[in-house]
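The values are calculated or read from the model by the stated rules, or taken from the named source; none is laboratory data. Predicted, not measured: the structure shown is a model, and the values here were computed from it. Ideal geometry is used to build each Cβ from the backbone, glycine not excepted, and the neighbour counts take in all protein chains shown. Protein only, heavy atoms only, side chains kept; ligands, DNA and RNA dropped before computing areas. Shrake-Rupley method; radii C 1.70, N 1.55, O 1.52, S 1.80 Å.
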Amino acid sequence: MKHYTLKLTAVTPFHVGSGVKYSKKEYHVDTKTQTVTLMDMNRVMGWIAEQGREAMIEAFESFMMSRDDNDIRDFLTRRIRMPETVQKDCVLYSFRCGGAFSSDTNKRDLSAFMRDAEGRPYVPGSSLKGALRTVLLVKMLRDGKLHHHNADIRNLKNAAEIAEKSLLHKLNKMPRQDDMLNSIMSGFSVSDSPPFGNDQITLASKIDVSTDGAEHELPLMRECARPGTELCFSLTISEEAERFAGVSYLKEAIDEFGGYYSECYLSKYKQYPKENLDGCIFLGGGSGYYAKNIIYPMFADNRRKALEAVASFMKKNFGKHDWDNEMGVSPHMLKCTRVDGRLRQLGLCRVEIKEKND
């Protein structure tokens, strides 16, 4: 086993979701301080029930059912007169939202970041390992490690699975090649990150940017690690895995990914957020199909065929992709957000790897 320290730095906001969503009624926005405060609605309901007042219970039910009444702070303070000390006890956590809200009226449901048992945000090692696997596969395909592979454009998901198994399942530990124990990635172990503070969390809306630079903001909001967040992971690679994809190869894959991404994808956009992609990968949800998929490098030197295959897949599954071939890119929307007024891509992270004895 060889042991390394992997340092991850958020260049742009990234979101590793927990699957938890908070409705507009479960948080308060202070537009002056740009602070979001999430409430524990179970505690709120518990306090209301303890008061034993039918009118208060009915007011709460009315608030939760209303389409327009979304100010939880106003409801608690003015309508049921919950003491400030009790309100503080009902707070889950607070964080600055980076200019995401101009007023309390444009609130949207929030997708929460992954959190530990104590409610602290962290990044699971499995999420980072998945991102590293994608980067490795892209390099392997571009290096021609999969020869004479004719991808089945009628079933891209199946074609990608076949390619992945052909490239990664090299260890011969188990009789069946498709057994996960035969994958090189079974020899990669990535720790969870240490938990970090809510001062490193911000909110990011979802903005789709088309090839002509037009912006389309969607009614989605995510808790994200803010730019500049630094996290350290332990990376262990077995000797067997090192024979096929050691740390030097992994570093090369990471170093090359930004240039490949820029050439094959960003170059199709007349206007896009200018970022330094050196040593970067994409991590987390919302960063886009291209950042997490191996379909394009599977077709290697035939990008037109790759484009036609992906455009056909997108049209079949999602519609509204009739013009992708003419635009020269599919999917045709760049996944972005806005941080303190500046348009940024989602999920961009810089990676540095060092041996632990360095």
Out of all the residues in the stretch 179-213, which are surrounded by fewer than 16 Cβ atoms within 10 Å (Cβ to Cβ), touching a Lys or Arg at 6+ places or on another chain (Cβ under 7 Å) and either charged (D, E, K, R) or free of Cβ contacts under 8 Å to residues at least 24 places away in the same chain (or both)?
LEU181, ASP212
Just to be sure before I move on: is TYR265 at pLDDT below 85 and in contact with a helix residue (DSSP H, G or I) (Cβ under 9 Å, 6 or more places away or on another chain) in the structure I sent?
no
Would you be able to say whether some residue in the stretch 168-178 is modelled with pLDDT of 90 or more, buried (at least 16 other Cβ atoms within 10 Å of the Cβ) and not charged (D, E, K, R)?
yes
Please go through the stretch 174-191 and pick out each residue that is in a strand (DSSP E or B) and more than 23 Å from the chain's Cα centre (by Cα).
SER183
Give just the number: which of (1) assigned to a helix (DSSP H, G or I); (2) in contact (Cβ under 8 Å) with a residue 24 or more places away in the chain does VAL20 not satisfy?
(1)
Selected residue (criterion: nearest to GLY197 (Cα to Cα)) from residues of the stretch 219-229 that are open to solvent by less than 50 Å² (accessible area, probe 1.4 Å) and assigned to a strand (DSSP E or B):
ALA225
Among the residues of the stretch 23-37, count how many are in contact with a helix residue (DSSP H, G or I) (Cβ under 6 Å, 6 or more places away or on another chain) and outside any helix (DSSP H, G or I).
2
Going by the conditions given, is GLY288 in contact with a Gly (Cβ under 7 Å, 6 or more places away or on another chain), closer than 16 Å to ALA131 by Cα and open to solvent by less than 40 Å² (accessible area, probe 1.4 Å)?
no
Exactly one of GLU252, GLU240 is part of a helix (DSSP H, G or I), touching a helix residue (DSSP H, G or I) at 6+ places or on another chain (Cβ under 6 Å) and surrounded by 13 or more Cβ atoms within 10 Å (Cβ to Cβ), and that one is GLU240
Are any residues in the stretch 117-133 closer than 20 Å to MET39 by Cβ and either charged (D, E, K, R) or within 18 Å of the chain's Cα centre (by Cα) (or both), and if so, which ones?
GLU118, ARG120, PRO121
Going residue by residue through the stretch 347-354, is there one that turns out to be farther than 27 Å from CYS232 by Cα and either open to solvent by 70 Å² or more (accessible area, probe 1.4 Å) or without any contact (Cβ under 8 Å) to a residue 40 or more places away in the chain (or both)?
no
Cβ-Cβ under 7 Å pairs, at least 6 apart or on other chains, the stretch 74-99 side more than 16 Å from ILE48 (Cβ to Cβ) and open to solvent by 70 Å² or more (accessible area, probe 1.4 Å), far side of a type outside the set (Lys, Arg) and modelled with pLDDT of 95 or more
LEU92/LEU38; LEU92/MET39; LEU92/ASP40
Filtered residues of the stretch 60-97 (kept if under 21 Å from ASN198 (Cβ atoms) and in contact with an Asp or Glu (Cβ under 6 Å, 6 or more places away or on another chain))
CYS90, LEU92
Of the residues in the stretch 295-341, those that are surrounded by fewer than 18 Cβ atoms within 10 Å (Cβ to Cβ) and assigned to a loop (DSSP other than H, G, I, E, B) number 10
May I ask you to list the residues in the stretch 45-73 that are open to solvent by less than 50 Å² (accessible area, probe 1.4 Å) and over 31 Å from the mean Cα position of the chain (by Cα)?
GLY46, TRP47, ILE48, MET56, ALA59, PHE60, PHE63, SER66
Going through the stretch 268-292 in order, the residues found to be part of a loop (DSSP other than H, G, I, E, B), at pLDDT 85 or above and within 26 Å of ALA112 (Cα to Cα) are GLU275, LEU283, GLY284, GLY286, SER287, GLY288
